[in-house]
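What follows is one structure encoded as structure tokens, with my remarks underneath.
The values are calculated or read from the model by the stated rules, or taken from the named source; none is laboratory data. Please read all numbers here as calculations on a predicted model, not as lab measurements. Positions of Cβ are backbone-derived with ideal geometry, glycine not excepted, and every protein chain shown enters the neighbour counts.
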């Protein structure tokens, strides 16, 4: 039975591990790189590096030199294209559009070398070293080596130049890892030329997996080339599987080398035993190593995810705006180790963003505000993303007002400004300072910030809605009480108006009746008065004896004449009452002259001076200056004041009586108000409802007609005003007259 021309040894492990690493990275960049050109070129670089690594692995274990030469020539027919693909990747990654003809020249150069790679001018022969067979290069290999070196140095120059000029921290990080990963792998691969020229030095290019693993770390830790977290984990686990597989193969090789002299039978038994041990140990060891790698490489992402989960749970139970803002700021400053941060929210008018809460070692930002129409706010609303001091220049190039854009961003004073968007409207800003470590913000940081801003926007709206409901509930009882008081007041006014209306109608009906009765009584009274007057005159002219029919009838005659005169006076009094009633009913007075109410009060008080001058009654006059005049009848209004003041003088104690006369102007109702307040006994409840009715009086018989307040009521009514009477809480009564200003 023929055996394969292969003999396993230790030197195959490094190139084999490099092969696994590069091929897995190439496959993931190809399949999961979202079809982006830069990812496809990265896959091409890794694929070509993987071909070179598998060639070196085969050369380490092969025992047939002709096989090694044939495989190397076939491999180099593709490997020569590493030069243009690496240059093309660098141009694409950096976005260089100038001197693109160099890429075409490089592809043409590699194409020519590919056609000539199968002859002796490229690879001459195979030479055996301690690490296995290795081909020796011809003249064209030196040409390829010189071109590869120049290409690598040129690409590294472009990358370092971009790193120095780049301001975006995310791009800076990616450029660093490209230089360290691909650049490092390209540089150590140059040491493969030593055995190609006949020097027995182990090809360091077999350890290309070391810088490639550094590049893989960038993909995993910082999402380099936007491959994604799921792909990152798949990549690291695949690399882990490759490393463990290589370690397993190395242990098998060492086992065979150590125990190959103990016999075929025991060698087979030991191999089976060792295989069983590896099977049972391999999977648990793989899982344990995966957990360790997760903690090392993905700790930041997992911490961010835990942070978001914890913050979401906390915000779900928070319904106060201040608590939500404090929790958000505390989470950000702790999770990202920030110096400071503050939150701005839209004001109630919706045109200004104002600082709501702040945290950290920030100078007091209280009172800071920015207009909704600011270029910074407008640009963030248009681009739907955050603004940093690194992309500010890029934004200013497409902004209509770049100077104000930079000015407003400087006014905010933050390193990063994240919009808090709800229903496509910016309702707030998260303004953050620098990291305490001095590190730059990465794509991973911005992903957390955007997610947190979205969560914050929803929580803020929920808190505002809850606060509105809470305020409504808190004020509901107060609103109900106020409404109840308003209803009670309206009901009281309604009852008052109804009483006034009923009283007015009652007085009008009684007045009409009295006027009719007075008109009917006027003629009989005049006749009786005339008859009594004639009788008195006749009796006074006749001798007393003729009047009574006796000699001693003089005294009786005198008494009879006195009685008739008294009757005549009472008839005249009745006549005057009837005249007053008729005068009120006829409404013949003029009510068009301007009247100063203060003058009316003063004149009435002068008329009444003789009634109170010798008493101890105190009269206090409190007239408001600059009262507007009203349209009315001065004499009639004077009669009203006389009646009200006269009643007050009669009601108070002549020794301790006190009367306050007031006038004022009610601007809201356009009313001139006259008030007469006394400290007398007040008005009883029974009398209050009848006080303005005709012939109703609380005075003793013969001391009042009961027409004074009734006549006053009618005069005020004809002036379109109102007259009220009420008792004072401290005692006494107040009469109030309200007259409209026309």
Against the definition (in the same structural domain as residue 26 (by TED's automatic domain parsing), surrounded by 15 or more Cβ atoms within 10 Å (Cβ to Cβ) and modelled with pLDDT of 90 or more), how does residue 109 come out, yes or no? yes
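Please go through the range 594-615 and give me each residue that is assigned to a helix (DSSP H, G or I) and within 60 Å of the chain's Cα centre (by Cα), ordered by number.
Filtering the range 594-615 down to residues assigned to a helix (DSSP H, G or I) leaves 597-607, 609-612.
Passing the criteria: 597, 598.
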Contacts under 8 angstrom Cβ, first residue in the range 607-626 being farther than 21 Å from residue 672 by Cα, partner loosely packed, with under 10 Cβ neighbours inside 10 Å and modelled with pLDDT under 90, 6 or more apart: 615/655; 616/655
So residue 174 fits all but one of (1) modelled with pLDDT of 85 or more; (2) within 13 Å of residue 90 (Cα to Cα); (3) crowded, with 17+ Cβ neighbours inside 10 Å; what number is the exception? (1)
Right, residue 436: out of contact with any helix residue (DSSP H, G or I) (no Cβ under 7 Å at 6 or more places or on another chain) and modelled with pLDDT under 80 or not? yes
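From 449, 500, 507, which residue is modelled with pLDDT under 65, assigned to a helix (DSSP H, G or I), surrounded by 13 or more Cβ atoms within 10 Å (Cβ to Cβ) and in contact with a strand residue (DSSP E or B) (Cβ under 9 Å, 6 or more places away or on another chain)? Spell out the reasoning first.
On the way: 449 fails: modelled with pLDDT under 65; 507 fails: in contact with a strand residue (DSSP E or B) (Cβ under 9 Å, 6 or more places away or on another chain).
Of 449, 500, 507, the one residue that is modelled with pLDDT under 65, assigned to a helix (DSSP H, G or I), surrounded by 13 or more Cβ atoms within 10 Å (Cβ to Cβ) and in contact with a strand residue (DSSP E or B) (Cβ under 9 Å, 6 or more places away or on another chain) is 500.
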